[in-house]
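Peer 1: Questions regarding the structure given below will be posed in turn.
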Amino acid sequence: MARSLPGNRNRIFGNTYKTNAMKREQLFLISALAVVMFVMGSCGNNKAKEMVTTESFGSFEGKDVFLYTLTNKDGDFIKLSNYGAVIVEVSVPDRDGKRENVTFGYDSFDGYANGDLYFGKVVGQYANRIAKGKFSLDGVEYTLAINNDPNSLHGGPTGWHSRAWDAEVLKGTDFPAVKFTYNKPDMEEGYPGNVVAEVIYTWTDDNEIIMDYKVTTDRNTVINITNHAYFNLHGAGVGDILDHEALIRAAAFTPVDSILIPTGEIRPVEGTPFDFRTPHLIGDRIGEEYDQLILGGGYDHNFVLDNVDAVDAEVYDPSTGRLLEVITDQPGVQLYTGNFLNGSQTGHGGKVYNYRTGFCLETQHFPDSPNQPSFPSVVLTPGEPFLSSTTFRFSVR
């Protein structure tokens with residue numbers, strides 16, 4: 001039987017059940033429509049298959065790396081690769097119909113192998129930070145690699161972001177979809193358990209990237225998985241993101257200490273620069289003399305999602321009309337405003353990724369949860385898979 005970690009809304013791999021009636025009704029209708037479309041026959045299935053093209057992208061440790069292009073009925077497309085299960089490109093229109101890539105990435109595999117570790121990749125076994133690279137489980141202390149001194153970050157230096165995953169273009173789907181699978185051996189990067197991680201990317205006709213995650217283990221372990229895409233709705237590498245308007249439906253966030261580890265406090269956003277419950281520009285308050293903004297160098301914090309509305313977060317670019325909506329069953333989302341970008345990375349089309357030219361909305365469990373007993377549990381046990389879904393939906397206003 002599938003288990004939902006505390007703080008989650010229930011997820012069955014491929015079908016989401018939200019706690020509020022509106023989401024349940026919406027998803028029931030979507031599921032019913034999907035069944036009808038599936039029964040209609042193989043024509044739609046063949047069409048979906050044809051809307052995924054595959055090309056060689058390189059090789060890594062003797063394993064082939066491919067580039068997958070998923071195109072929907074309007075000609076909008078995303079590109080994926082099995083190296084790091086990465087989102088390479090997201091090409092969507094502005095309000096005038098001009099299509100542009102809005103996510104950070106590279107034109108070649110060498111860029112991914114030698115450039116930024118996380119652009120668009122799936123990170124694990126534990127996304128975000130674990131204090132001083134240590135945690136205890138079932139009375140045993142585990143030691144992880146330190147790659148964000150003095151902490152362990154995003155599963156360590158050779159975590160899931162730096163692995164060539166197995167890949168499968170899915171058949172019998174209504175929209176183009178690719179499944180990536182990584183088999184993590186016991187104690188790789190210090191994490192117990194032979195773990196199997198799967199992510200299915202589906203690109204819909206509504207310009208939605210649906211990411212369905214499934215993780216299983218043969219030993220008790222800990223899990224936190226997310227996608228680390230950077231976005232700029234002007235177009236990746238075009239100006240900063242301080243003029244983007246953000247809304248995050250979260251009444252609280254988790255403050256951090258001097259090494260960016262949560263203190264354990266759940267702090268209300270009311271009266272702080274972290275209150276995005278009413279939309280405002282990312283740059284409006286980012287420079288305020290507030291302890292958490294100073295520690296993070298800007299926003300680099302986990303928000304405790306209310307998990308009651310149809311959409312959990314959104315970012316809007318008034319200049320292009322592009323809107324990104326985030327829908328998730330995870331209890332938290334990390335807003336990161338590119339505070340450590342420094343112009344050292346050159347991405348698609350020779351564009352340079354400078355300071356605060358990208359933002360991330362990483363849906364997740366809370367940072368350092370294995371060491372924070374008051375946070376929702378991240379323990380994964382045999383026979384009870386971790387199942388989760390996040391959607392990035394692009395549209396225009």
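Peer 1: Of all residues in the range 174-189, count the ones that are under 22 Å from Thr53 (Cα atoms) and surrounded by 18 or more Cβ atoms within 10 Å (Cβ to Cβ). Full working, then the answer.
Peer 2: To start, the set of residues in the range 174-189 that are under 22 Å from Thr53 (Cα atoms) comprises 174-182.
When the remaining residues are screened for being surrounded by 18 or more Cβ atoms within 10 Å (Cβ to Cβ), the result is 174-180, 182.
Selection size over the range 174-189: 8.
Peer 1: Could you tell me how many of the residues in the range 102-117 are surrounded by fewer than 23 Cβ atoms within 10 Å (Cβ to Cβ) and out of contact with any Gly (no Cβ under 6 Å at 6 or more places or on another chain)? Break it down stepwise before answering.
Peer 2: Taking the range 102-117 first, the residues surrounded by fewer than 23 Cβ atoms within 10 Å (Cβ to Cβ) are 106-111, 113-117.
Cutting the leftovers down to out of contact with any Gly (no Cβ under 6 Å at 6 or more places or on another chain) gives us 107-108, 110-111, 113-117.
Number satisfying all stated conditions: 9.
Peer 1: Can you pull out every residue in the range 32-58 that is small (Gly, Ala, Ser) and either surrounded by 14 or more Cβ atoms within 10 Å (Cβ to Cβ) or modelled with pLDDT under 95 (or both)?
Peer 2: Looking only at the range 32-58, we keep the residues that are small (Gly, Ala, Ser), and these are 32, 34, 41-42, 44, 48, 56, 58.
If the condition is that a residue be small (Gly, Ala, Ser) and either surrounded by 14 or more Cβ atoms within 10 Å (Cβ to Cβ) or modelled with pLDDT under 95 (or both), then Ala32, Ala34, Gly41, Ser42, Gly44, Ala48, Gly58 are the ones that fit.
Peer 1: Would you say Val311 is buried (at least 22 other Cβ atoms within 10 Å of the Cβ), at pLDDT 95 or above and of a type outside the set (Ser, Thr, Tyr)?
Peer 2: Working: buried (at least 22 other Cβ atoms within 10 Å of the Cβ): no; at pLDDT 95 or above: yes; of a type outside the set (Ser, Thr, Tyr): yes.
The answer is no for Val311.
Peer 1: Given the structure, is Asp257 surrounded by fewer than 22 Cβ atoms within 10 Å (Cβ to Cβ), more than 30 Å from Trp165 (Cβ to Cβ) and acidic (Asp, Glu)? Write out each step before concluding.
Peer 2: Numbers: surrounded by fewer than 22 Cβ atoms within 10 Å (Cβ to Cβ): yes; more than 30 Å from Trp165 (Cβ to Cβ): yes; acidic (Asp, Glu): yes.
Against the criterion (surrounded by fewer than 22 Cβ atoms within 10 Å (Cβ to Cβ), more than 30 Å from Trp165 (Cβ to Cβ) and acidic (Asp, Glu)), Asp257 qualifies.
Peer 1: Are any residues in the range 190-206 surrounded by fewer than 22 Cβ atoms within 10 Å (Cβ to Cβ) and over 16 Å from the mean Cα position of the chain (by Cα), and if so, which ones?
Peer 2: Correct list: Gly190, Pro192, Asn194, Val196, Thr204, Asp205, Asp206.
Peer 1: Let me ask another. Please verify whether Phe375 is in contact with a helix residue (DSSP H, G or I) (Cβ under 6 Å, 6 or more places away or on another chain), in a loop (DSSP other than H, G, I, E, B) and crowded, with 16+ Cβ neighbours inside 10 Å, treating the condition exactly as stated.
Peer 2: Details: in contact with a helix residue (DSSP H, G or I) (Cβ under 6 Å, 6 or more places away or on another chain): yes; in a loop (DSSP other than H, G, I, E, B): yes; crowded, with 16+ Cβ neighbours inside 10 Å: yes.
Judged against the criteria, Phe375 is a match.
Peer 1: Identify all residues within the range 82-111 that are touching a Lys or Arg at 6+ places or on another chain (Cβ under 9 Å), under 15 Å from Asn227 (Cα atoms) and of a type in the set (Ser, Thr, Tyr); write none if there are none.
Peer 2: Tyr83
Peer 1: Here is a follow-up. I'd like the full set of residues that are assigned to a strand (DSSP E or B) and not basic (Lys, Arg), limited to the range 263-290. Can you show your working first?
Peer 2: Taking the range 263-290 as the starting set, the residues that turn out to be assigned to a strand (DSSP E or B) are 267-268, 280-281.
Answer for the range 263-290, where residues must be assigned to a strand (DSSP E or B) and not basic (Lys, Arg): Pro268, His280, Leu281.
Peer 1: How many residues does the range 150-173 hold that are in a loop (DSSP other than H, G, I, E, B), in contact with a Lys or Arg (Cβ under 6 Å, 6 or more places away or on another chain) and either crowded, with 16+ Cβ neighbours inside 10 Å or among the acidic types (Asp, Glu) (or both)?
Peer 2: Residues flagged as in a loop (DSSP other than H, G, I, E, B), in contact with a Lys or Arg (Cβ under 6 Å, 6 or more places away or on another chain) and either crowded, with 16+ Cβ neighbours inside 10 Å or among the acidic types (Asp, Glu) (or both) within the range 150-173 amount to 1.
Peer 1: Given the conditions (1) assigned to a loop (DSSP other than H, G, I, E, B); (2) free of Cβ contacts under 8 Å to residues at least 24 places away in the same chain, which single one is not true for Leu260?
Peer 2: Among (1) assigned to a loop (DSSP other than H, G, I, E, B); (2) free of Cβ contacts under 8 Å to residues at least 24 places away in the same chain, the lone unmet condition for Leu260 is (2).
Peer 1: Can you give me the number of residues within the range 291-302 that are assigned to a loop (DSSP other than H, G, I, E, B) and out of contact with any strand residue (DSSP E or B) (no Cβ under 9 Å at 6 or more places or on another chain)? Steps first, answer last, please.
Peer 2: Narrowing the range 291-302 to residues assigned to a loop (DSSP other than H, G, I, E, B): 297-299.
Retained after the next criterion (residues that are out of contact with any strand residue (DSSP E or B) (no Cβ under 9 Å at 6 or more places or on another chain)): 297.
The qualifying residues number 1.
Peer 1: Turning to a different aspect of this structure: Can you run down the residue pairs with Cβ atoms below 8 Å, 6 or more apart or on separate chains, where the first is in the range 231-257 and of a type in the set (Ser, Thr, Tyr) and the partner is surrounded by fewer than 20 Cβ atoms within 10 Å (Cβ to Cβ) and not in a loop (DSSP other than H, G, I, E, B)?
Peer 2: Partner pairs satisfying both residue conditions: Thr254/Arg267.
Peer 1: Of Tyr68, Tyr126, which residue is touching a Gly at 6+ places or on another chain (Cβ under 9 Å), modelled with pLDDT of 95 or more and of a type in the set (Phe, Trp, Tyr)? Before you say what the answer is, go through the steps one by one.
Peer 2: Values: Tyr68 fails: touching a Gly at 6+ places or on another chain (Cβ under 9 Å).
Of the residues listed, the single one that is touching a Gly at 6+ places or on another chain (Cβ under 9 Å), modelled with pLDDT of 95 or more and of a type in the set (Phe, Trp, Tyr) is Tyr126.
Peer 1: Do we have Gln334 as touching a Cys at 6+ places or on another chain (Cβ under 9 Å), in contact (Cβ under 8 Å) with a residue 12 or more places away in the chain, crowded, with 20+ Cβ neighbours inside 10 Å and closer than 26 Å to Asp206 by Cα here? Working first, answer last.
Peer 2: Working: touching a Cys at 6+ places or on another chain (Cβ under 9 Å): yes; in contact (Cβ under 8 Å) with a residue 12 or more places away in the chain: yes; crowded, with 20+ Cβ neighbours inside 10 Å: yes; closer than 26 Å to Asp206 by Cα: yes.
The answer is yes for Gln334.
Peer 1: Take the range 124-182 and flag every residue that is within 19 Å of the chain's Cα centre (by Cα) and small (Gly, Ala, Ser).
Peer 2: Gly124, Ala127, Ser152, Gly155, Gly156, Gly159, Ser162, Ala164, Ala167, Ala177
Peer 1: Of all residues in the range 217-245, which are surrounded by 20 or more Cβ atoms within 10 Å (Cβ to Cβ), part of a strand (DSSP E or B) and more than 17 Å from the chain's Cα centre (by Cα)?
Peer 2: Thr217, Thr221, Val222
Peer 1: Which pairs turn up if I take residues in the range 287-301 that are within 14 Å of Ile259 (Cβ to Cβ) and look for partners that are surrounded by 11 or more Cβ atoms within 10 Å (Cβ to Cβ) and aliphatic (A, V, I, L, M) with beta carbon separation below 6 Å, at least 6 apart in sequence or on another chain?
Peer 2: Leu295/Val256
Peer 1: Next question, about the same structure. Only one of these conditions is not met by Thr391: (1) outside any strand (DSSP E or B); (2) closer than 17 Å to Glu198 by Cα; (3) of a type in the set (Val, Ile, Thr). Which number is it?
Peer 2: Just one mismatch for Thr391, condition (1).
Peer 1: Cβ-Cβ below 6 Å, separation at least six or inter-chain, first residue in the range 127-149 and surrounded by fewer than 19 Cβ atoms within 10 Å (Cβ to Cβ), second assigned to a loop (DSSP other than H, G, I, E, B) and among the small types (Gly, Ala, Ser): which pairs?
Peer 2: From residues that are surrounded by fewer than 19 Cβ atoms within 10 Å (Cβ to Cβ), the pairs are Ala145/Gly156; Asn147/Gly156.
The values are calculated or read from the model by the stated rules, or taken from the named source; none is laboratory data. In this text the structure is predicted, and so the values were computed from the model without any measurement. Quick reminder, even Gly has a Cβ in these numbers, built from the backbone with ideal geometry, and neighbours come from all protein chains shown.
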